[in-house]
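Readers should treat all values here as calculations from the given coordinates under stated rules, not as data from a laboratory. Bear in mind the structure is a predicted one, so any value in this text is a computation, not a measurement. For neighbour counting, all protein chains shown are included, and Cβ atoms are generated from backbone atoms with ideal geometry for every residue, glycine included.
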Amino acid sequence: MTVGSRTTDGSSSEAPDSDWEDDVMLALYADDSAYFASSRRADLAAKRIQRVLDLLSEWLDKWRMAVNVSKTAALLTGSQRNMPDQLRLRGQAVEWNTRVRYLGVHIDRSLRMTPQIDHVIQMSRAARAKLRPILASRLPIRTKVAIYKCYVRSRLTYAAPAWYALCSGLQRQRLQALQNIVLRLITGPGWYVKNDVIARDLGVETVEEFVRKLTRRAFNRADAGPHPSLHNLAPHLGRPTRGYQLPRDLVTESPDD
């Protein structure tokens, strides 16, 4: 079981480091903070998070920082049916959610990423609809492909190195289908022309190939960077927990595996 809690506050990039819970991971980005704890028992993971939230209150008081508890959410992932006791921060209840949105990514309790897939497809379709007059125009094809990559594919693959490995085969097909539709709109071919032929002639890789390239670049930059905390992020496991693929599997495996 994994329990996560996220807060939105006005704190700096520093975090309380004395008496901190060793088996709770802290992630910071701008004014967002996320805390993660794992255990075979959901109640134990929740207790670890609660101890951190108690320490966080003391630290916030010490540094006169504010936290918006109404924007704080807790998520329990796994097959646990009975929810742990409610978490509390500064005397207020932190609600358990079936899904949360963190840095623009929708994370659901089952980690099937269905809400995220639905979201990126909806956003990409909206962008395609607005750009349809341009994509179907007589502009040079290279220009229209560049517009697709900039305004549609960027939405379709937003933060994909973090979530694409968790997607099912059907979900990956949905993402690829949207790209196929746009490429056909750009070129206007006959019905008998195959999608892979269009993509090959345009020099556009599949969505999966593009995401694998993004993932490889992201991990290479993190591993070679000056920040030790970013080294070996999401380490590869020979046997991922519960059969899930992990982000680094996109780097170590070929698309045909």
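Being touching a residue at least 60 places away in the same chain (Cβ under 8 Å) and either in contact with a Ser or Thr (Cβ under 7 Å, 6 or more places away or on another chain) or of a type in the set (S, T, N, Q) (or both) is the filter here, so list the residues in the range 91-146 that pass it.
Val94, Leu111, Ile141, listed by residue number.
Just to be sure I understand, how many residues within the range 192-213 are of a type outside the set (D, E, K, R), part of a helix (DSSP H, G or I) and either over 16 Å from the mean Cα position of the chain (by Cα) or under 19 Å from Ile147 (Cβ atoms) (or both)?
Qualifying residue count for the region: 7.
Which members of the range 64-80 meet the condition of being of a type outside the set (S, T, N, Q) and surrounded by 12 or more Cβ atoms within 10 Å (Cβ to Cβ)?
The answer is Met65, Val67, Val69, Ala73, Ala74, Leu75, Leu76, Gly78.
Could you please find all residues in the range 55-76 being outside any helix (DSSP H, G or I) and in contact with a strand residue (DSSP E or B) (Cβ under 7 Å, 6 or more places away or on another chain)?
Once the filter is applied, which keeps residues that are outside any helix (DSSP H, G or I) and in contact with a strand residue (DSSP E or B) (Cβ under 7 Å, 6 or more places away or on another chain), the range 55-76 yields Met65, Ala66, Val67, Asn68, Val69, Lys71, Thr72, Ala73, Ala74, Leu75, Leu76.
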